Amino acid sequence: MPALPLPALHASHAGTWLRDANGATRSVAKGEAVMSAADTPLLILNAPLLATRLGYPDLSGLDLLELFAFIHPARFVVPTPKGLAHALGLEEPASDDGVPLLLQQAAGKLLETCESEEWAEREGAWSILQPLARMRWPWANILKPHIAQPDRAERWLFSRLPEWEENPERPQPAQVLMDEMEVEARLEHLTGEGSEKREGQRAYSREVAHVFAPRNREHRPHVLLAQAGTGVGKTLGYLAPASLWAEKSQGTVWVSTYTKNLQRQLRRESARAWGARRADGSKPVVVRKGRENYLCLLNLEDALQGGFGGRAAVLAQLVARWAAYTVDGDMIGGDLPGWLGTLFRKRGITSLTDQRGECVYAGCPHYRKCFIERAARDSAQADLVIANHALVMINAARGRDHALRPTRIVFDEGHHVFESADSTFAAALTGMEAIELRRWILGPERGSRGRRRGLSARLADVASYDEIGAKCVTDACEAAECLPSGGWLQRLADGTPSGPIEELLGAVRALTYARDESGGQEMGYGIETEAAQLEGNFVEVAGHAQSALAAIRSPLMKLALQLEAMVENPPDWLDGPGRARVEGVRSSLNWRIETLTAWESLLNRMGGATDPDFVDWLAVDRSEAREYDIGIHRRFLDPMKPFAKTVLEPAHGVMLTSATLSERGEDGIEWGTAINRSGVAHIDVKPRLSAAESPFDYANNAEVLIVTDVKKGDLSALAGAYARIIEASGGGVLGLFTAIRRLRAVHGRIADRLARNGLPLYAQHVDPIDTGTLVDIFRDDPRASLLGSDALRDGVDVPGDSLRCVVMEQVPWPKPSILHRARRAAGGGSAYDDRIIRARLAQAFGRLIRSKDDRGHFIVLSPAFPSRLLTAFPNGTPVIRLPLEDALHRVALGVSGGHTEAADTMAPQHNEG
């Protein structure tokens, strides 16, 4: 099919181009482009990004990404002109002015696919196109002539999805030992016979095998702390003994990650050991995430039947297309395109997941087809479960079903276990959390939409037949009236709180502002103060709030006991659906009771002696001068204490591994910090320690350049430095910022200039694109550069030419929060800060060299970079302090592949010359 004869529009930081339906392309001003888009639907790519470039938020048109999501659901595409061209087998446009023609060609190619007998995703397309036409989706009328009505009526989505089956509980794993020869043979099988044998990887794999040995005493797991430098091959290094143990013992290994990127990598690598399916069709490898990551079919059904309106209704139909073809229903980081949410605003995606623990479990009509339940059952039968740190900790803490409680665990990206535990075992009594609890108990407020139901509606049949249960529900609902309701933030601002919890939050707000010492200079950021030296009136208000929470918790606890007894000895009147609803409520009920207990404990400490195990503070959370939450927070001073109790002690074998797990001192590796931040210091176990050096030649392939003449606080100089570095490198730059405000300022000053030189610049917190997609775009274009914050400091794997230079705008000092101050005092003062900074530098440097052929520069724009932090970088890496002009010369030289005498005779690390 020829190019679709409709006008097409493209805009970048370099300019704007409009192509007429008859084939003439011309450069136009932004105003003319906006007028053209308002007059008639234009072919566009990524409407939110285009709207940002044109400064016209209401821009709409015929978005090629929406068409791609309809025709090829669950198929990956980088949402750029180049990415679209590659996905469709079209010629990549040579420059921006060739993009409008590409859009016309891509539209024609996609419509041609609809008429092809080879269209793999045909089923369901005609049925979903009908409601999309009624919704006036711009593509509907264009698609209609190309999608023929099927001879037989298509099955409804919910009848097409397969059902999961119940399986018998897996027996306990056999107690087995593995010898070194077996482990090495399995490793050789995974890496490929005849491949280069890396002694570091083999030694690492042999060490990992000890984790799977039988445990000798209760609460004494085998613990291994294993540092493996980049390039050692740690993924296959631990999958070799893990797969061998799972095969011999018939047990389950959990591998936990911090980033979704590593989860995707593990899914690919694990196929070498297990394959995609067993002989019986079951999955030996399962990816598990929290419930909030998966599509909730009941939420989708509600959205399809009128629960969503406007653009959100179109999104629901496209998600329904995807649901029929997805591998596992994972909406966040799975095979649902990350850019789909930004096309329709991300809230639409999250509202289709179970964000609030409202699942009714077996009471749901789609329970037997539920993606979440399928993943849970598959993981109970799997040899390998790939999860994230938070889920592993929650399963260990709340897992009453031993089949779902991990006992052999590999924590990859182990340097993040501390912060994951910090979040998992935290308590926060805030307005947002309290209002969610109110909605869970009482149901939606008047005028709100959706299927959400309160406790009374979910347990209506129980209340009808069980007098005790009915009274518990009634008492809980009456007590929950004291919780904040809609408009609570405005009432607090007006000084008119309603109820004891809002009165407490009002007192928190007033005291936090009263103690704020920023002088109003930090209105864009949250403020906080210690929960100490509290006046009697505040303590009295906290006491009233504590009593109100106790009044909610008491009937909920009685209800939990009543429901437990009801399930164990079901009465005659409890039918199947009723039992299903009871089972569903029980699970989330226990979670709410635990939350209330933590809140009461938090308030009980107000005005009393300080608990040395905890750090408590009051906070007002703000974003760009707008308050969005207020509350009291509690964190463990050392979150590895509860981690050791709930995760390590019940386990049989645990390994923490990372390229930056330990620190490098003058006399070699120092393990003290790694031991303390692993939790093993809190149990009676001596861990095994293992270190495998990276095989990469950092001395010849990388340079650390510390630029000494970019003055701190000078935004113009900072922006100019970034622009010149990106130009010298020809793109391929990852810029890391410690403050979003500076990131935005730098991007705004240099994006147009770089684009005119053919160097695209993307940025977190600027471009309306999710982080995962930004990384995909960056990886796909060697001339592109990407600016970001902490989320890009690790977990970004971009080997090859697309990442040639990492730039940090300053030393990544820790944020001086109340929590940090307490941990700093307990952890050795400035030495504690230095450990954090060195870890961040090491993680950022780790983005640069991802394969043996990678080369590049790591640049820090800091005139006063402390020498004591240089051990963050791999041993032998050249470190040079120099002015910007010299740094630009070295970067440009690295790109051209040339050498100078200075480069050839460069001194090793720690040369300050």
Helix-derived [θ] at 222 nm for the chain: sum -39500 (n - 2.57) over DSSP H runs of at least 4, divide by residue count, nearest 500?
-13000 deg cm²/dmol
Answer label, with log10 I(q)/I(0) by the Debye sum over Cα atoms at q = 0.05, 0.07, 0.08, 0.09 Å⁻¹ calculated from the coordinates and candidates (1) -0.48, -0.83, -0.99, -1.12; (2) -0.37, -0.68, -0.84, -1.00; (3) -0.32, -0.65, -0.87, -1.13
(3)
For L786, L884, ascending order of other Cβ atoms within 10 Å (fewest first) is L884, L786
Using the Cα atoms as the points, what is the convex hull volume per residue of region 698-904 in Å³?
121 Å³
For a Förster distance of 60 Å, can you work out the FRET efficiency between the beta-carbons of Q149 and A791, rounded to the nearest 0.05?
0.85
Which links in K234/K711; K82/K711; K248/K686 stretch past 30 Å when you go from one Cα to the other?
K234/K711; K82/K711
Taking every Cα atom in region 427-636, find the radius of gyration and the maximum pairwise distance Dmax, and write them in Å.
19.2, 67
Taking K and R as +1 and D and E as -1, what net charge do the other residues with C-beta under 15 Å from the C-beta of A3 add up to?
-1
If contacts are Cα pairs under 8 angstrom and at least 6 residues apart, what is the relative contact order of region 8-154 in percent?
21 percent
Based on the Cβ-Cβ distance of A745 and S623, what FRET efficiency does E = 1/(1 + (r/R0)^6) give at R0 = 25 Å, to the nearest 0.05?
0.90
Radius of gyration and Dmax over the Cα atoms of region 324-392, both given in Å
13.5, 38
Distance in Å, no decimals, from the C-alpha centre of region 566-637 to the one of region 739-767 is 42 Å
Given the Cα-Cα distance of L715 and Y325 and 0.36 nm per residue of separation, how much length would full extension add, in nm?
135.6 nm
Which net charge results for the neighbourhood of G89, defined as the other residues with beta-carbon distances under 12 angstrom from its beta-carbon, given Lys and Arg at +1 and Asp and Glu at -1?
-2
Kyte-Doolittle mean at least 0.0 and Cα axial length at least 30 Å: DSSP H helices in the chain
536-568
Burial-style ranking of 459-466, 382-389, 165-172, average other-beta-carbon count within 10 Å with highest first, yields 382-389, 459-466, 165-172
E32-E218 FRET efficiency (beta carbon distance; Förster radius 45 Å; 0.05 resolution)
0.05
Could you give the nm distance between label points at E885 and K686, where each point is 7 Å from its Cα heading toward the beta carbon?
6.0 nm
Label-to-label distance, nm, for residues given as R75 and E193 (7 Å Cα→Cβ offset)
3.7 nm
Can you give the relative contact order of region 427-636 as a percent, counting alpha carbon pairs under 8 Å and 6+ residues apart?
31 percent
Find the centroid of the Cα atoms in region 793-863 and in region 50-127, then give the distance between the two in whole Å.
38 Å
Stokes-Einstein diffusion coefficient of region 193-298, Kirkwood radius over Cα pairs, 4 °C, 1.567 mPa s, in µm²/s
81 µm²/s
Using packing as a proxy for protection, rank 240-248, 817-825 so that the peptide with the highest average count of other Cβ atoms within 10 Å comes first.
240-248, 817-825
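In percent, what relative contact order does region 698-904 have, based on Cα pairs under 8 Å that are 6 or more apart in sequence?
35 percent
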Place +1 on the Cβ of every Lys and Arg and -1 on the Cβ of every Asp and Glu in the chain, take the dipole about the Cα centre, and give the residue among T610, H13, V567 whose Cα lies farthest towards its positive end.
V567
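Order these by the 10 Å Cβ neighbour count, fewest first: R756, R288, R220.
In increasing order of surrounding Cβ atoms, one gets R756, R220, R288.
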Once you list every other residue whose beta carbon is under 14 Å from the beta carbon of G543, what net charge do they have if Lys and Arg are +1 and Asp and Glu are -1?
-3
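Rule-based calculations on the coordinates, nothing more; no lab input. Everything numeric here is computed off the predicted structure, so don't read it as measured data. Virtual Cβ from ideal backbone geometry, glycine too; neighbours counted across all protein chains shown.
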